[in-house]
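Remarks on the structure that follows.
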Amino acid sequence: MFTILDRSSENCIGFKVSGKAQKEDYEMLLPKLDEAISAYGKINLLVLLEDFAGWEDMETAKMDFKFGSHQYRQVERCAFVSEKHWQSWMVKIMNPFTRHTEERFFEPGQIEQAWDWVCAEHPS
């Protein structure tokens, strides 16, 4: 399930990922990202991972791949927040494949620092 976080703005969007991702999650999120990308060119994301259990089915996994190969290319910064330290390694492993996106991992107690970093004004 995806839930848009209250602190989100038009071009700095945070969302919580919990349980199994479903098709409806991507149908809600992707148009919001497309709208922000159309308006701003580049966007920033904060992804709060809480008990993520994968994808509901293959169609949902394909939607995630589409997100990674389309919208994610327009993400300038992405903060991943999770209590699971293995996910910090996944962020590091992703880095060579997401050269256009600066990514950082934060622990749940650092969520304010994650928001500050991901939404900070910075030169392109």
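Points worth noting:
- √(5λ) per eigenvalue of the Cα gyration tensor, region 2-119, largest first, Å: 19, 18, 15
- Simple label model, 7 Å out from Cα along Cβ direction - His100 to Lys42, nm: 1.1
- Order of Arg77, Arg104, Arg7 - criterion: other Cβ atoms within 10 Å of each residue's Cβ, fewest first: Arg7, Arg104, Arg77
- Taking 0.36 nm per residue of separation and subtracting the Cα-Cα distance, full extension of the segment from Leu30 to Glu83 would add 16.5 nm.
- Cα shape, region 16-64, gyration tensor, a/c 1.5 rule: oblate
- Ranked for footprinting exposure by Cβ neighbours inside 10 Å, fewest first, Ser8, Ser18 give Ser18, Ser8.
Only the coordinates and a few stated rules stand behind these numbers; no lab work does. Not measured: the values here are computed from a predicted model. With ideal geometry, Cβ positions are generated from the backbone for all residues, glycine too; neighbour counts draw on all protein chains shown.
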